[in-house]
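Okay, structure first, notes after.
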Amino acid sequence: MTATHLGMPAFPAAAREAVRDDVLRANLRRATHTIRDKRARAVSELADWDRLRAAGKAVKDHTLRHLDHYLLRLEAAVTAAGGTVHWAADAAEANRIVTALVLATGEREVVKVKSMATQEIGLNEALEAAGIAAYETDLAELIVQMGHDRPSHILVPAIHLNRAEIREVFRTEMGRWGRPAPDGLGDDPRELAEAARLHLREKFLHAKVAVSGANFMVAETGTMVVFESEGNGRMCLTLPETLISVVGIEKVVPTFRDLEIFLQTLPRSSTAERMNPYTTMWTGLGPSKGADGDGPAAFHLVLLDNGRTDTLADEVGRQALRCIRCSACLNVCPVYERAGGHAYGSVYPGPIGAILSPQLRGTDEEIDASLPYASTLCGACYEVCPVAIDIPEVLLHLRERVAQGGPATREGIRVRIRPARGHTAERAALRAARLLLERPGALRAGERLLSRARRLRPRRLPGPGRAWTDSRELPRPPREPFRDWWARERGGRA
Amino acid sequence: MRAALFVTCVNDALYPRTGVAVVRLLERLGVDVDFPAAQSCCGQPQYNTGYRYESEPLLRRTARAFAGYPYVVAPSGSCVAMIREHYPRIGARAAAEGRGNELADLAAGLVPRVYELTEFLVDVLGVTDVGAYFPHTVTYHPSCHGLRALGLGDRPRRLLAAVRGLDLIELPGAEECCGFGGTFAVKNPDVSAAMGADKVRAARATGAEVLCGADNSCLAHLDGTLRRAGAPLRTLHIAEILASTDEAATTTEGKHPR
Amino acid sequence: MSGRDRVLGRIRRALGEQGAGEGGIGRAPGEPGAGEGGIPRDYLRVHGDRTPAESADLLAANLAEYRAKVHRTDEDGLAPLLAALLAERGARTVLVPPGLPPSWLDAAQAVRVEDRAGSTPYALDAVDSVVTGCALAVAETGTIVLDGGPDQGRRRITLIPDHHICVVRVPDQLVDSVPQALERLDPTRPLTWISGPSATSDIELDRVEGVHGPRTLEVVLINPPAQ
């Protein structure tokens, strides 16, 4: 994965800043609660939701178990339909391929449809280094790009900003990228959307090269699918002469029919709509192979690994590859709501990010080793996931990798991960607790000691205990442990 | 009917009144309660922090301590979820690592006999009115593991609603996590505290006298947050409310014996 | 080693003995007789039991909820209705796909602009409105689907003009559900699923209509002649 976010502080420290930012807290609370309730309503309309969820999971699992087969089928179908397929093992290779394809067109500008994969690999930075300007066209991506900011949500990358903050970005930055914001721009979302429409229209109408991702790729037909709302996707996918799509290898599904599941579950899970405004499906260069002037004359598909096969090698962790990037898990997550997306130090924030990033990037960096612990294991994410990813299960699995070490795969090679630094004291404490808990005699003595010390009742503990007492009183130890009461009151009976 | 009480380590050491309440409640309902002294902790703190191997001896100890009892009842959704959801996984992983089926067999033998308290009352004993009397306003926070891992549903609310004198007030945003999360409370103290503060704010806004829960570890976090704020709202485990009768009333004054 | 070999090699190692490509258990999933790997398809083909008239009502209601304007007429009423809608909009020019039935615009005052392969995006941007047919419509989701058929034209003509009028024949072109829609569509054709005018939820996750696509979508449902 790209180094963009590396060197980030670990999650707890980054989250501390977010928790103290009252504006951010209010923005996130408002946005996540709005969408949370709407999603619940949209899902409750479908009596067969649980069956659609089970089918979506099964399709993804089946595809992953035969991933090589389906990718080869996809490659054959895309090629037969006039497209060209490229394979990239990592971010650097993908960036090289895309840069070369753009340079070969002679163009120095590309328009982009929102795509997690291209953010993950840092494509915009790579293109910039080659003298190519990449313009984000999704409204939220545009806001983030113009504000020199980082995305904080999968679906709505500017969720951390409110309308007034977005107006400021447009007022001060839009002119540097092209058509400036209209004078007297207000902060009504309609006005802001109108400003983006006017600004981007010029770019769409003359763009010659577009870069996209895709939500799904159909192996049997070679069909690519992009879900969107604004129409920027349609602009990029149909007007330019050259289209380059960078797509993670886990996005393939076997058959066209399989889309009947995800066309029902993805919109309801992500934007809480029965259907999103626009979905585009295209197969290579179409029936006329590009001769009818409907759509690009050249289509390139770049299949991206970048840690996905390492994730696939892990029998527990591979379920994260079922993810369809709906972001329902972010919207219900109580930790995301308080910590915000930036604290996760990755383009994939929230619960899904906490299990994806440490698998795609490994757990060497402090931020990645802290992500599996960025959860109370409350299970709300699993409950709403439309492909039934048991996120708490994977979090626990990755905690084990961090704390205890164990087997993993990195860049295709089986390795043994050593326990992470910084867990030594914790390991000793939990081991000591276990030894105590294994010996009821010693446990009883310890409990009595606690009861005897009850008069001390400290308000603040030193060392690691401070983490509790900074915000909370300690429980008051009782006069005697339960087992002593039992021995006294009922002991004779047993 | 004979049942073993799995009081859990947190209740044993810090909340014995909850254990006492479970014993009195179950005995009142005609259950022959036993407390196997060999029990200690289910191993959840180790397992949830990433130390699966450290949790294995505790799985073994727990399974053996409760061998032979037709029912094992615990006043903690979290500890029951640990046993029901994770013991089989720990067993399967050990088997997959070539360490035999001992843990898997122990887990398989224990899991079907273990019940969270409100499950045991409603599903096994078939009661929702346990004959309790508790003349106070109460709001109920369903802890996540009980709510989502065990699917306790409205069992606790039905039990509370049947208590004579009790006025049950719905807690807005009840299904949201309180922010305890085991070692999360100290590993991510700022987020944990922020979640706790929001939960406490919602509970105080109901105007209830008592914030009731079915997991004392979550209640320790909320109680600590409330006391730091000097709030008059008291926390109580559901067992203590259900055990309360005209003759032996649980008070809302000071949760712990002085 | 090429990226392709490297990625495929890693996948096969990751899947171990389960690997499909090189003699594993699922050598040819999806091939005739290979089954579907246990994918449960017990979800509903359609949600609810509706008469054709009820399906048309549901389509209209769902489209309207997402701020499309819905009109109902019959074969004879179509040309006057289209003329009225264009006039109301103040459209001076209207884009016409090559296979649009000429009679549809018989009554319209707006100048017809035919789409040509050489029409640039700038030229299309200067046109006020576009009128098309569709491949089908989906009642449960309030969706119309275009497949580039002769009465729909190239994808760009329903994208750049700010006003799109789409004609749906009920019940022939109407299905109830997404699974029924996919059965009738040809994946080799370029498909555009449209559910209301363009919209965004990017500001505070609150939906507002009207960004890059046509900001006004009007859907005309033509009923068959009364029996």
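Observations on the model:
- The amide H of A:Val253, built 1.01 Å from its N in the peptide plane, has A:Met217, A:Val218, A:Ala219 as neighbours under 5 Å, considering only residues 5 or more places off or on other chains.
- For region A:408-448, trypsin sites (Lys or Arg not before Pro) meeting the loop criterion (DSSP other than H, G, I, E, B) and having at most 13 other Cβ atoms within 10 Å: A:Arg421.
- Helix B:189-205 and the longest principal axis of the Cα set of chain B meet at an angle near 40°.
- Other protein chain C-beta atoms within 10 Å of residue C-beta, averaged over A:338-351: 1.
- Fluctuation leader among B:Gly196, B:Gly182, B:Gly165 - chain B, Gaussian network, Cα springs under 10 angstrom: B:Gly165
- 10 Å Cβ neighbours from other chains, averaged over peptide C:44-57: 1
- Check: region B:137-242 dipole with +1 on Lys, Arg Cβ and -1 on Asp, Glu Cβ, in debye: 100
- Candidate cross-link partners of A:Lys38 among the lysines, defined by an alpha-carbon separation under 21 Å and a same-chain spacing of 8 or more, are absent.
- Of the cross-linked pairs A:Lys60/C:Lys69; A:Lys251/B:Lys187; A:Lys203/A:Lys289; A:Lys57/A:Lys208, those separated by over 28 Å at the C-alpha level are A:Lys60/C:Lys69; A:Lys251/B:Lys187; A:Lys57/A:Lys208.
- Shown is the FRET efficiency for C:Tyr122 and A:Ala130, computed with R0 = 22 Å from the Cβ-Cβ distance and rounded to the nearest 0.05: 0.20.
- Within the listed set C:Gly38, C:Gly149, C:Gly16, the residue fluctuating most in the Gaussian network model of chain C (springs between alpha-carbon atoms under 10 angstrom) is C:Gly16.
- Residue order, fewest to most surrounding Cβ atoms within 10 angstrom, among B:Val7, A:Val102: A:Val102, B:Val7
- The overall shape of region C:155-227, judged from the alpha-carbon gyration tensor, is prolate: a/c is not under 1.5, and a/b is greater than b/c.
- Note on the protein assembly as shown: Cα Rg divided by 2.2 N^0.38 Å, N the number of residues, gives 1.02.
- Cα-based helix-to-principal-axis angle, B:16-28 vs chain B, degrees rounded to 10: 90
- Local net charge near A:Met146, Cβ-Cβ under 9 Å (Lys/Arg +1, Asp/Glu -1): -2
- Expected 222 nm ellipticity per residue - DSSP helices of 4 or more, -39500 (n - 2.57), all of the protein assembly as shown, to 500: -12000 deg cm²/dmol
- Using a 4.7 Å Cβ-Cβ cutoff, the cysteines of chain A lacking any partner cysteine are A:Cys236, A:Cys323, A:Cys326, A:Cys333, A:Cys385.
- Volume per residue of the convex hull around the Cα atoms, evaluated for chain C, comes out as 211 Å³.
- Under DSSP loop assignment and at most 15 Cβ neighbours within 10 Å, longest GluC sites (Glu not before Pro)-free interval of chain B: B:1-96
- Each of A:Leu474, A:Leu449 was scored by other Cβ atoms within 10 Å of its Cβ. Listed from fewest to most, they are A:Leu449, A:Leu474.
- Helix B:216-228 and the longest principal axis of the Cα set of chain B meet at an angle near 40°.
- Sequence of C:Thr143, B:Thr245 once ranked by neighbouring C-beta atoms within 10 Å, starting from the fewest: B:Thr245, C:Thr143
Just so you know, all these numbers are worked out from the coordinates, no wet-lab data involved. What you see is a predicted model, and the numbers here were worked out from it, not measured in a lab. Don't worry about glycine lacking a Cβ; one is built from the backbone with ideal geometry, like all the others, and counts go over all protein chains shown.
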